[in-house]
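Please read the structure below before turning to the comments.
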Amino acid sequence: MSFGSVPTGTKVSESERDEDTATAFDIEPGTVEDRQTRRWYGVTVFALLALGLGVLTRQPGLLLTSAFGIAFAGYGQLTSPPPIELAVERSISDTDPDADDTVEVTVTVCNESDRLLPDLRLVDGVPAKMTVESGSPRHATALRSGGETTFSYSLRTRRGHHEFEPTTVLTRDASGATERLGTVETPDTVDCEPSLPSTAVDFPLRAQTTRHTGRFPADSGGPGVEFYATREYRTGDPLSRVDWKRTARTGELTTVQYRVERSVSVILIVDARAAAYTAPDPYAPTAVEAAIEAARHVYVSLTDEGHDVGITALSPTECWLAPGHGADHRVQARELLSTHPALSPSAPDEDTNIYAAVQRIKQRASSDAQVVLFSPLTDDLVADSAIRLDAHGHRATVVTPDSSAHDTTGHQLASVRRSLRLADLRKRAIPVVDWDGTESFERALAGSTGGLR
Amino acid sequence: MSATEIDTFDPRPGRASVALTTVAALVAVLASAATLPAAAAGLVGVVLLPIGVLRGSRLLHRLGSAGLFAAVLLAGAAGSPPITMLVAAGAAVVAWDAGEHGIGLGRQLGSAATMWRAQGLHTVATVAVGAVVAIVGYLVYEVASSGQPTTAVVLLLVAAILFTFLLDR
């Protein structure tokens, strides 16, 4: 990670930026680099010019000025870079914050060497996926031996497990002619585990089927609440279910049947392949974040209804939470959706074998488990997986956060291709919830339930 | 570097750097404005230098410094007295140094960071070194010109030895 290079977008020309490579804050953690800044060379040139001109014009003032300039050049040579012996301590206001919260970070730096640090520059290692909200994680000061300095800044939290990177330190001597670049490691972590939404949304599941075609257990009579049908009394039927009024009227024993309410096993599949980490602009939350947000809502809604919900990811890293419900399961789900490495806030480096991943889901899930796929549908592979799972009896629903940008022709094309995938899925009777991120998930659901049921 | 920081990263130096540069540049111009060409070059310097530092532009800073140094050289060639020359050259060096240091700080840390202490101490050190060098230099000059060549020769030898020592490092 480069700290010192001037970020693009600022008004600095290319040629000027190149000059700064000599003073860039770019170093491997744990190493130290000494550099000459050569900043006094210009003054040496001035001194030599004054000397020449002084000899030519025989002006004592110029000769004196020349001596003056050379003395400064010597000043730059005399000093050596101060050592980096620093103790860096971070105090974080909340190491276990909620998402989109503000965390105050106060950094205290103590000079543990016995020398004065006339020019100390620090860049704190802000976790890669966090954003600085106010203040600056950069600081420059002079620090006497044993002295302390403090600076603070605030971070906007994002979901996930975040580790602070080493603090980059640059010390210069008083003349600025030599500098030493190093790092100070202070491991600190912030675990941002957003709580699950408290209100359930009305997430429609597909009508349940088993492998035996044509039978709908959810559409059958038995114990339940809602009246379904009556039938002739059979031995063994509980007496409480006998329709006594009818018996009194007709003299025949009749049993009332209620609609069976079966709990369904549902697997939530979050698409966390590198291809899914798309966002309309480089700093916006990725589609994976939106997918996880949607998964959080769906998990709460379905478990509230008594279904067994499992969670898995299409990712190079293994991720599986077996279907279940209850308080324990809820804690596990919250943790998994927050900090599981498979659902990391940054895209994985490796490719995902999506066929193997789908195969694993088929093996692990019970044969009649439904699947809900959360994916931005950025390629055909993932749409095909939904179709294949659906064809294998895992009735699929697709929730797709829209992360497409429309600024360039390429982006527009990608967006059109995504719409075609959506249309294809809908044509195959797989319900699709298209969530563009500007409205609440609940509204997106309400908007598409017409097509879902 | 995190997302919002990139959006808002402002590579301009802090106010302290701009103020120090401006004051030093003004002193340099006042001390070197002996002739019209020197005053003109100094004017270019005193205008461009603070603007360069304010905007964090190395090019403008360099042009401005060149103007100040040119003014000092022109004033010297026109026969400015040694004491004003020392003041002018010292102020020009301080102005250049404060500006360069400030621009470097700005580019590395951004204007949102606190850096006045580092800038202040650096400039104080430069001014102190400049003052010592100027006083020693002026004393040597006085001794040499008041007709005591032996002392001058000794001092010259000391200077030569120091210079060789520095070159050797």
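Return the residues of region B:82-104 that are surrounded by fewer than 24 Cβ atoms within 10 Å (Cβ to Cβ) and farther than 16 Å from residue B:46 by Cα; say none if nothing qualifies. Passing the criteria: B:82, B:83, B:84. Only residues that are touching a Lys or Arg at 6+ places or on another chain (Cβ under 9 Å), part of a loop (DSSP other than H, G, I, E, B) and farther than 15 Å from residue A:331 by Cα were counted across region A:180-204, and they come to 3.
Residue B:89 meets the stated requirement of being within 8 Å of chain A (Cβ to nearest Cβ), within 22 Å of residue A:69 (Cα to Cα) and among the aliphatic types (A, V, I, L, M). Taking the numbered list (1) within 8 Å of another protein chain (Cβ to nearest Cβ); (2) over 30 Å from residue B:139 (Cβ atoms); (3) free of Cβ contacts under 8 Å to residues at least 24 places away in the same chain in turn, residue B:47 passes all entries but (1). Annotation note: Cβ proximity below 7 Å between a residue of region A:257-274 that is surrounded by fewer than 22 Cβ atoms within 10 Å (Cβ to Cβ) and a residue that is part of a helix (DSSP H, G or I) and modelled with pLDDT under 90 (sequence gap 6+ or interchain) occurs for A:260/A:217; A:260/A:218; A:262/A:217; A:262/A:218.
Among residues belonging to region A:390-422 that are touching a residue at least 40 places away in the same chain (Cβ under 8 Å) and assigned to a helix (DSSP H, G or I), point out the one that is surrounded by the fewest Cβ atoms within 10 Å (Cβ to Cβ). Applying the filter and picking the extreme gives A:422. For region A:68-84, which residues satisfy the criterion of being more than 7 Å from every other protein chain (Cβ to nearest Cβ) and among the aromatic types (Phe, Trp, Tyr)? Once the filter is applied, which keeps residues that are more than 7 Å from every other protein chain (Cβ to nearest Cβ) and among the aromatic types (Phe, Trp, Tyr), region A:68-84 yields nothing. Those residues that are within 7 Å of chain A (Cβ to nearest Cβ) and more than 20 Å from the chain's Cα centre (by Cα), I need them from region B:108-123; list them, please. Hits for region B:108-123 are B:108, B:109, B:110, B:112, B:113, B:114.
Matching residues to (1) at pLDDT below 85; (2) β-branched (Val, Ile, Thr); (3) more than 25 Å from residue A:120 (Cβ to Cβ):
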| residue | (1), (2), (3) |
| --- | --- |
| B:87 | no, yes, yes |
| B:90 | no, no, yes |
| B:109 | no, no, no |
| B:119 | no, no, no |
| B:123 | no, yes, no |
| B:132 | no, yes, no |
| B:135 | no, yes, yes |
| B:152 | yes, no, yes |
| B:167 | yes, no, yes |
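Among what's in region A:126-148 and is crowded, with 20+ Cβ neighbours inside 10 Å and not in a loop (DSSP other than H, G, I, E, B), pick the residue that is farthest from the other protein chains (Cβ to nearest Cβ). Filtering region A:126-148 for residues that are crowded, with 20+ Cβ neighbours inside 10 Å and not in a loop (DSSP other than H, G, I, E, B), the one farthest from the other protein chains (Cβ to nearest Cβ) comes out as A:143.
Listed conditions (1) modelled with pLDDT of 90 or more; (2) buried (at least 16 other Cβ atoms within 10 Å of the Cβ); (3) not small (Gly, Ala, Ser) are all met by residue B:5, apart from (1). Do we find a residue being touching a residue at least 40 places away in the same chain (Cβ under 8 Å), loosely packed, with under 15 Cβ neighbours inside 10 Å and touching a Cys at 6+ places or on another chain (Cβ under 9 Å) anywhere in region A:90-99? Yes, region A:90-99 contains a residue that is touching a residue at least 40 places away in the same chain (Cβ under 8 Å), loosely packed, with under 15 Cβ neighbours inside 10 Å and touching a Cys at 6+ places or on another chain (Cβ under 9 Å). So, in region A:51-67, of the ones that are among the small types (Gly, Ala, Ser), buried (at least 18 other Cβ atoms within 10 Å of the Cβ) and farther than 11 Å from residue B:75 by Cβ, which residue ends up nearest to the other protein chains (Cβ to nearest Cβ)? So, considering only residues that are among the small types (Gly, Ala, Ser), buried (at least 18 other Cβ atoms within 10 Å of the Cβ) and farther than 11 Å from residue B:75 by Cβ, the one nearest to the other protein chains (Cβ to nearest Cβ) is A:67. A single entry from B:77, B:70 fulfils the requirement of being at the interface with chain A (Cβ under 10 Å from one of its Cβ atoms), free of Cβ contacts under 8 Å to residues at least 12 places away in the same chain and either more than 14 Å from residue B:21 (Cα to Cα) or of a type in the set (Asp, Glu) (or both): B:77. For residue B:74, the conditions (1) surrounded by fewer than 24 Cβ atoms within 10 Å (Cβ to Cβ); (2) under 12 Å from the mean Cα position of the chain (by Cα); (3) aliphatic (A, V, I, L, M) are fulfilled apart from (2).
A search for C-beta distances below 7 Å between a residue of region B:120-139 that is over 13 Å from residue B:87 (Cα atoms) and any residue that is in a helix (DSSP H, G or I) and small (Gly, Ala, Ser), counting only pairs 6+ apart in sequence or on different chains, returns B:120/B:16; B:123/B:98. Scanning region B:97-107 for residues that are within 7 Å of another protein chain (Cβ to nearest Cβ) and touching a residue at least 24 places away in the same chain (Cβ under 8 Å) yields B:100, B:101, B:105, B:107. Please work out if residue B:93 is under 25 Å from residue A:119 (Cα atoms), of a type in the set (Val, Ile, Thr) and free of Cβ contacts under 8 Å to residues at least 60 places away in the same chain. It is true that residue B:93 is under 25 Å from residue A:119 (Cα atoms), of a type in the set (Val, Ile, Thr) and free of Cβ contacts under 8 Å to residues at least 60 places away in the same chain. Selection of region B:107-124 for residues being of a type in the set (Gly, Ala, Ser), outside any helix (DSSP H, G or I) and buried (at least 22 other Cβ atoms within 10 Å of the Cβ) yields B:110, B:113. With respect to the conditions (1) in contact with a strand residue (DSSP E or B) (Cβ under 9 Å, 6 or more places away or on another chain); (2) part of a helix (DSSP H, G or I), residue A:231 falls short on a single one, namely (2).
The values are calculated or read from the model by the stated rules, or taken from the named source; none is laboratory data. Since we're looking at a predicted model, the values are computed, not measured. As a convention, Cβ positions derive from the backbone with ideal geometry for all residues, glycine included, and neighbour counts pool all protein chains shown.
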